[in-house]
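Below: one structure, written as structure tokens.
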Amino acid sequence: MLPIRLLATVLLAFGIVVAAGWVSRAEAQGLLEGGIIEEIRIEGAQRIDPQTVRSYMRIDPGEPFDAVQLDDSLKGIFETGLFADVTLRREGNALIVTVVENPIINRIAFEGNNRIEDEQLEAEVDLRPRTVFTLTKVQNDVQRILDVYRRNGRFAATVEPKIIELEQNRVDLVFEINEGALTGIESINFIGNRDFSDSDLRGEITTQETAWYRFLTQADTYDPDRLTFDRELLRRFYLSEGYADFRVLSVAAELNADQTGFIITFTLEEGPRYRFGAIDIESTLRDLEPEQLRDALTTEEGEWYDASAVEDTSEALVQRVGDLGYAFVDVRPRTRRDRENLTIATTYDIQEGPKVFVERIDIQGNLRTIDKVIRREFRLVEGDAFNASKLRRSRQRVENLGFFRRVDVNNEPGSQADKTLIQVEVEEQSTGDITLGVGVSTRSGPLANVQLRERNLLGRGQDLRLSGTISGQASEIDLSFTEPYFLDRPLAAGIDLFRTQNDQSESSFEELRIGGGGRLGYDLSEHTRQVLRYTLEHRDITDVDDDAAISVREEEGTTLRSSIAQSTTWDRRDSRFNTREGFVVSFDTQFTGLGGDVTFLRNTLAATYYYPLTENFTFVVGADGGIMRGIGEDTRVSDRFFLGNDSFRGFEFGGIGPRDVESGDALGGKQYYKGTTELRFPLGLPDEFDIRGRVFMDVGAVWGHDASGDVDDSSSPRVAVGPGLSWNSPFGPISLDIGFAIVEEDFDSTQKFTFSFGTQF
């Protein structure tokens with residue numbers, strides 16, 4: 001095994017001698033004395049065909065011996081990188097080219113890499129087995145490996161390439177790696193900041209000081225690329241606060257005395273703070289007055305200048321004008337800085353563009369999902385007038401499918417001036433799940449879940465799911481299938497089969513439900529959807545306690561329930577999963593009595609509104625209520641409304657509402673109402689923890705019954721308040737609430753602590 005530095009020195013020295021000797025040999029052998037080349041012979045070629053070597057030369061047989069062309073030929077062969085040495089000599093009128101081929105790499109190995117897998121390093125280096133070995137490529141790969149370690153916070157890593165010579169001019173290349181210790185960030189300092197503290201600015205950048213609790217992140221390790229990004233983040237922050245002249249003068253990173261951590265110093269020049277001056281809109285669009293677009297402005301004169309708000313306004317204007325059918329509108333904000341009055345006047349210049357139509361929609365990247373599944377989510381088709389709002393909605397709908405890791409939708413000029421092409425590029429992700437879950441909750445105790453699901457069956461967008469759950473109080477198994485476009489129409493059709501067994505300990509009985517049903521969903525408008533359901537179920541009430549309430553004992557036995565229901569939802573949330581703003585309203589109706597043994601009508605109405613107070617604080621207010629009535633018969637305990645636990649914090653499940661005086665059984669109510677206010681906020685912990693706090697107030701009541709015997713009942717409002725937190729931990733979502741019932745009835749059952757935990761693997 002030879003160190004590559006020694007090999008490089010030898011080869012370099014040899015190359016200098018060869019280059020120097022070639023000129024002397026040329027003069028001595030008469031290469032420059034003239035004559036015609038009658039023959040070119042290649043010597044030393046083993047793997048490479050001699051004809052290939054000749055193709056790299058700048059001179060051919062039949063041409064005179066010319067020093068310039070011979071020199072160019074020599075350089076041309078060397079530039080291929082295939083040869084370690086090349087010499088030229090003359091024998092009569094024959095030109096002899098002697099080559100020494102570079103070795104071929106047999107194997108590439110990595111030693112000493114414990115923190116980074118071989119697969120990751122192999123993806124970074126350019127050299128591969130069965131490729132030509134060159135020193136330049138090896139040194140480039142050494143730097144690439146060092147860059148990988150640098151991005152992982154190991155600035156002190158070293159890489160030493162070693163060569164193992166083999167027969168047949170082959171070599172093994174081994175990268176010997178000393179990973180070194182993690183190079184953390186000892187401190188982050190700022191110079192020149194007057195209006196913002198060091199702590200404020202540290203919160204705006206991604207690089208963080210090393211701390212024990214940042215074991216789940218690499219933000220506290222030194223990374224020059226991350227510092228470059230931090231410069232841009234500081235610039236954006238100051239521009240958003242009105243400091244239009246702000247500059248980052250320098251960023252210095254110095255190792256501390258013991259070389260265990262870096263000291264980062266940002267030198268800033270804040271400059272003065274500006275306010276918005278006059279805000280104008282200029283447009284060349286025909287039949288459109290600038291005043292018609294003023295409601296799209298996000299800023300007002302006199303407010304602190306915010307560069308991000310200028311960008312938001314430009315985008316809003318593009319969207320507004322795009323809704324009118326103009327595809328390639330260019331909105332250019334012009335700013336005029338008044339340093340004397342510290343104001344910035346802004347004019348949004350809207351350039352006129354032609355009205356265009358969709359020529360074609362091209363879809364790429366869908367290897368499994370058929371085109372039709374993507375196309376049917378688009379609000380635009382070929383021939384439609386281009387609409388920017390519909391294009392954004394189309395992209396959102398494709399993303400909401402959950403089939404793709406990435407969705408890019410862009411429009412480009414078409415074959416004519418009034419045509420546009422819509423380019424859709426997707427990156428598919430796995431849609432099949434085999435899920436095992438475990439958890440615990442104050443309601444159900446320990447629980448386990450197994451689920452098999454394919455959300456994009458055969459690439460057709462169909463959803464097939466089989467799941468089973470078992471806990472201390474319940475067990476459930478269900479099978480469901482959904483066809484999102486039944487009969488190639490925008491109708492989501494599905495079937496459900498289920499078996500559920502619950503221990504209703506709060507009401508002193510056990511319940512077994514076996515049944516199935518069908519459903520049909522469709523859009524009433526872009527943001528409104530209705531779902532129709534039919535369900536047929538066999539229900540068996542068993543294990544009724546001897547001292548249970550009279551109403552509970554009367555329900556023991558089996559019943560057949562046949563019901564039809566509808567659900568209408570109006571959803572204007574910004575996201576279904578991490579909602580920050582918007583609202584959702586739903587209205588549900590259920591009629592049970594299409595045959596069977598049970599007849600009743602039930603209606604519920606729910607609404608939730610999300611309002612972002614600041615970037616990190618969200619105010620949530622919600623209200624819901626319901627009413628049910630038996631038709632020709634009394635309502636049953638198992639059909640009534642129950643509140644408590646997760647649905648009404650501070651009370652047990654069924655802790656609110658009618659209760660049998662003698663047995664204490666919860667009987668449920670025929671009507672209920674509930675209101676919730678909640679403030680969600682960060683707890684000041686690092687973002688990587690993903691822990692958020694909340695304070696809440698729940699108000700509501702459940703009342704009304706058809707029960708026999710002596711029953712406590714009241715429609716007076718109950719009130720509970722308290723704090724809570726949620727944590728998307730590495731082990732699964734954890735939710736904790738502490739509720740204090742500040743208004744209650746004597747017969748209510750309270751519960752201060754509500755906890756749930758679950759994970760999937």
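The values are calculated or read from the model by the stated rules, or taken from the named source; none is laboratory data. In this text, all values refer to a predicted model and were calculated from it rather than measured experimentally. Backbone-built Cβ (ideal geometry, glycine too); neighbour counts: all protein chains shown.
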TODO: Starting from residues that are at pLDDT 90 or above and in contact with a Leu (Cβ under 9 Å, 6 or more places away or on another chain), keep the ones in the stretch 628-650 and report whichever is surrounded by the most Cβ atoms within 10 Å (Cβ to Cβ).
DONE: Arg640
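Filter the stretch 126-161 down to residues that are in a loop (DSSP other than H, G, I, E, B) and of a type in the set (Phe, Trp, Tyr) and give me whichever is farthest from Phe262 (Cα to Cα).
Of everything passing the filter in the stretch 126-161, Phe133 is farthest from Phe262 (Cα to Cα).
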Task: Residues (in contact with a Phe, Trp or Tyr (Cβ under 9 Å, 6 or more places away or on another chain), within 30 Å of Arg393 (Cα to Cα), surrounded by 15 or more Cβ atoms within 10 Å (Cβ to Cβ) and not β-branched (Val, Ile, Thr)) located in the stretch 572-594 - done: Arg573, Gly582, Phe583, Ser586, Phe587
Open item on the list: Between a residue in the stretch 458-482 that is more than 22 Å from Arg539 (Cβ to Cβ) and any residue that is part of a loop (DSSP other than H, G, I, E, B) and aliphatic (A, V, I, L, M), which pairs come within a Cβ distance under 6 Å, given they are 6 or more apart or on different chains?
Closed with: Gly459/Ile370
TODO: Can you confirm whether the stretch 484-504 contains a residue that is surrounded by 17 or more Cβ atoms within 10 Å (Cβ to Cβ) and assigned to a loop (DSSP other than H, G, I, E, B)?
DONE: yes
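Okay, residues lined up against (1) surrounded by 17 or more Cβ atoms within 10 Å (Cβ to Cβ); (2) of a type outside the set (Gly, Ala, Ser); (3) in contact with a helix residue (DSSP H, G or I) (Cβ under 6 Å, 6 or more places away or on another chain):
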position: Asp665; (1), (2), (3): yes, yes, yes
position: Gly669; (1), (2), (3): yes, no, no
position: Val699; (1), (2), (3): yes, yes, no
position: Asp710; (1), (2), (3): no, yes, no
Task: Residue among Ala156, Ala123 that is small (Gly, Ala, Ser), at pLDDT 85 or above and not assigned by TED's automatic domain parsing to the domain that holds Asp85 - done: Ala123
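Each row is one residue, and each column tells you yes or no for (1) touching a Lys or Arg at 6+ places or on another chain (Cβ under 9 Å); (2) hydroxyl-bearing (Ser, Thr, Tyr); (3) exposed (fewer than 14 other Cβ atoms within 10 Å of the Cβ); (4) not in a strand (DSSP E or B).
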| position | (1), (2), (3), (4) |
| --- | --- |
| Lys390 | yes, no, no, yes |
| Arg393 | yes, no, no, yes |
| Arg397 | yes, no, no, yes |
| Gly402 | yes, no, yes, yes |
| Arg405 | no, no, yes, no |
Open item on the list: So, in the stretch 549-598, exactly how many residues are under 29 Å from the mean Cα position of the chain (by Cα) and either assigned to a loop (DSSP other than H, G, I, E, B) or on the phi > 0 side of the Ramachandran plot (or both)?
Closed with: 11
Task: Total residues in the stretch 545-571, condition out of contact with any strand residue (DSSP E or B) (no Cβ under 7 Å at 6 or more places or on another chain), under 23 Å from Ile631 (Cβ atoms) and not hydrophobic (A, V, I, L, M, F, W, C) - done: 2
- [ ] Would you check if Leu683 is within 17 Å of Pro723 (Cα to Cα) and at pLDDT below 90?
- [x] yes
Open item on the list: One residue is enough: does the stretch 364-378 have a residue meeting the conditions in a strand (DSSP E or B) and modelled with pLDDT of 90 or more?
Closed with: no
- [ ] Filter the stretch 702-730 down to residues that are without any contact (Cβ under 8 Å) to a residue 40 or more places away in the chain and β-branched (Val, Ile, Thr), then give me how many there are.
- [x] 1
- [ ] Filter the stretch 274-307 down to residues that are within 36 Å of the chain's Cα centre (by Cα) and in a helix (DSSP H, G or I) and give me whichever is surrounded by the fewest Cβ atoms within 10 Å (Cβ to Cβ).
- [x] Asp295
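Of everything in the stretch 48-85, what is assigned to a loop (DSSP other than H, G, I, E, B) and in contact with a Leu (Cβ under 9 Å, 6 or more places away or on another chain)? Give them in sequence order. Don't jump to the end; show me each part of the working.
From the stretch 48-85, those assigned to a loop (DSSP other than H, G, I, E, B) are 48-49, 56-63, 65-66, 80-82; that's our starting set.
Once the filter is applied, which keeps residues that are assigned to a loop (DSSP other than H, G, I, E, B) and in contact with a Leu (Cβ under 9 Å, 6 or more places away or on another chain), the stretch 48-85 yields Ile48, Tyr56, Met57, Arg58, Ile59, Pro61, Phe65, Asp66.
So, in the stretch 407-426, exactly how many residues are farther than 26 Å from Gly459 by Cα and part of a strand (DSSP E or B)? Show your work before the answer.
Going residue by residue through the stretch 407-426, those that are farther than 26 Å from Gly459 by Cα are 412-420.
Within this subset, residues satisfying the condition of being part of a strand (DSSP E or B) are 412-413, 419-420.
Count: 4.
Taking the condition aliphatic (A, V, I, L, M), within 25 Å of the chain's Cα centre (by Cα) and within 30 Å of Val125 (Cβ to Cβ), does Leu227 pass?
Numbers: aliphatic (A, V, I, L, M): yes; within 25 Å of the chain's Cα centre (by Cα): yes; within 30 Å of Val125 (Cβ to Cβ): yes.
In short, yes.
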Open item on the list: Looking at the stretch 197-209, I want the residues that are touching a residue at least 40 places away in the same chain (Cβ under 8 Å) and have a partner that is surrounded by 15 or more Cβ atoms within 10 Å (Cβ to Cβ) and not aromatic (Phe, Trp, Tyr) with Cβ atoms under 6 Å, at least 6 apart or on another chain. Which pairs are those?
Closed with: Thr207/Arg226; Thr207/Asp230; Gln208/Ala219; Gln208/Asp220
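Return the residue satisfying two criteria in turn: it lies in the stretch 582-598 and is of a type in the set (A, V, I, L, M) and in contact (Cβ under 8 Å) with a residue 24 or more places away in the chain, and of such residues it is nearest to Arg529 (Cα to Cα). Walk me through how you get there before you give the answer.
In the first step, residues of the stretch 582-598 are kept if they are of a type in the set (A, V, I, L, M); the result is 584-585, 594, 598.
If we keep only those that are in contact (Cβ under 8 Å) with a residue 24 or more places away in the chain as well, we get 584, 594, 598.
Values: Val584: 11, Leu594: 25, Val598: 29 Å.
That would be Val584.
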Open item on the list: Taking the criterion of being in contact with a helix residue (DSSP H, G or I) (Cβ under 7 Å, 6 or more places away or on another chain), in a loop (DSSP other than H, G, I, E, B) and not aromatic (Phe, Trp, Tyr), would at least one residue in the stretch 163-182 satisfy it?
Closed with: yes
